[in-house]
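I have placed the structure first, in the form of structure tokens, so that the comments after it can refer back to it.
We did not get these values from a lab; they are worked out from the coordinates using the rules stated. Since this is a predicted model, take the numbers as computed values, not measurements. For neighbour counting, all protein chains shown are included, and Cβ atoms are generated from backbone atoms with ideal geometry for every residue, glycine included.
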Amino acid sequence: MSFSIAIDGPAGAGKSTIARMLAKQLGFIYVDTGAMYRAMGCYFTDRGIAGEELSRMAEECSGAHIDISYLNGEQQVFLNGENVSVRIRSEEAGLMASACARVQNVRETLVDLQRQLAAKDNVVMDGRDIGTHVLPDADLKIYLTASCQTRALRRFNELREKGVLCSLQDVEEDIRKRDRQDMEREISPLRMAEDAVLLDSSDLTVEEVLEKMKSLARTRYEK
Ligand code: CDP
């Protein structure tokens, strides 16, 4: 039986940084489910579909074949054979991901892929609905959050490091929009699973969050 850790939470809470490090230290596979929604978002953008055109997305999503593979332990995302791992990191791709994540057909396709990955290996999987829907029997569920200002500042610094020009105010607005879209959608909205552990990272360093998660994982793993 494989062991699974589900990490959910809003944009910019630090999920992917922490989940990647946690997986590495535990020797687990890191599954970034947001990257799959982002790849799907790129597919629709390439086809000239706008964020509001949900029925077109439902009709056309069967044309998007998304695959995951690992290169030196890093997740690579392929969209119809093209490696889109870099392209999916823009703010536009994030908003488009959140737009298409409201579509049932899109979610079903990606949830299938996520469950297949978790059945094969020990995983740390992060996203919005992992503990509530994708892996309801995960061995450890964590809801990682932080204040909206902290999350916006982190995302702003991350973008600046990559050389992307943007204002803190715009980044905060994007984050608020995405939070609203993710929490208010009908299908699998972002919420904390009843049996999840809440971690607020506003005043914690990455190392501190990681230590807390590792000690939680150890208690469950050794049970
Ligand atoms: O890294 P960040 O928190 O900015 O976002 P992400 O994890 O890359 O996810 C991008 C978008 O995909 C989110 O805003 C969600 O709308 C959607 N998503 C989802 O609906 N369910 C998931 N399991 C993962 C992502």
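Multiplying the residue separation of residue 120 and residue 86 by 0.36 nm and removing their Cα-Cα distance gives an extension gain of 9.6 nm.
Counting every C-alpha pair in the chain, the share spaced more than 26 angstrom apart comes to 32%. Summarised in one figure, the compactness ratio Rg/Rh of region 64-148, Cα atoms and Kirkwood Rh, is 0.95. Translational diffusion coefficient, Stokes-Einstein: compute it for region 69-117 using the Kirkwood radius over C-alpha pairs as Rh, at 4 °C and 1.567 mPa s, and state it as an integer in µm² s⁻¹. My calculation gives 106 µm²/s for D. For the set 24/212; 177/212; 120/212; 141/214; 15/212; 141/162, the pairs lying more than 19 angstrom apart at their alpha carbons are 177/212; 120/212; 141/162. Among beta bridges identified by DSSP and lying wholly in the chain, the antiparallel ones come to about 30 percent. Sorting 159, 198, 190, 168 by the number of Cβ atoms found within 10 Å of their own Cβ, with the fewest placed first, yields 198, 168, 159, 190.
Using a simple spin-label model with pseudo-atoms 7 Å out from Cα toward Cβ, residue 25 and residue 58 lie 4.4 nm apart.
Each Cα pair under 8 Å and six or more residues apart adds its sequence gap; the mean of these over the residue count of region 33-121 is a relative contact order of 39 percent. Near residue 8: Cβ cut-off under 9 Å, other residues only, Lys/Arg at +1 and Asp/Glu at -1. The net charge is +2. The slack between residue 173 and residue 69, meaning 0.36 nm per residue of separation minus the straight C-alpha distance, is 34.1 nm.
Set the Förster distance to 25 Å, then compute FRET efficiency between residue 76 and residue 105 from the Cβ-Cβ distance, nearest 0.05.
0.55
If you sort the three axes of the alpha carbon gyration tensor as a ≥ b ≥ c, you get a/c of 1.5 or more for region 95-217 and a/b no higher than b/c, which makes it oblate. The eigenvalues of the Cα gyration tensor, multiplied by 5 and square-rooted, give region 4-133 an equivalent ellipsoid with semi-axes of 24, 15, 14 Å from largest to smallest.
Any idea what the dipole of the chain comes to, in debye rounded to 20, about its Cα centre with Lys/Arg Cβ at +1 and Asp/Glu Cβ at -1?
With Lys and Arg at +1 and Asp and Glu at -1, about 320 debye.
Of the residues 203, 139, the one with the fewest other Cβ atoms within 10 Å heads the list, and the complete ranking is 203, 139. Here region 154-176 is scanned for amide nitrogen atoms under 18 Å from the site 7 Å beyond the Cα of residue 184 along Cα-to-Cβ, giving 172-176.
Taking label positions 7 Å along the Cα-Cβ direction at both residue 165 and residue 1, the computed distance is 5.5 nm, reported to one decimal.
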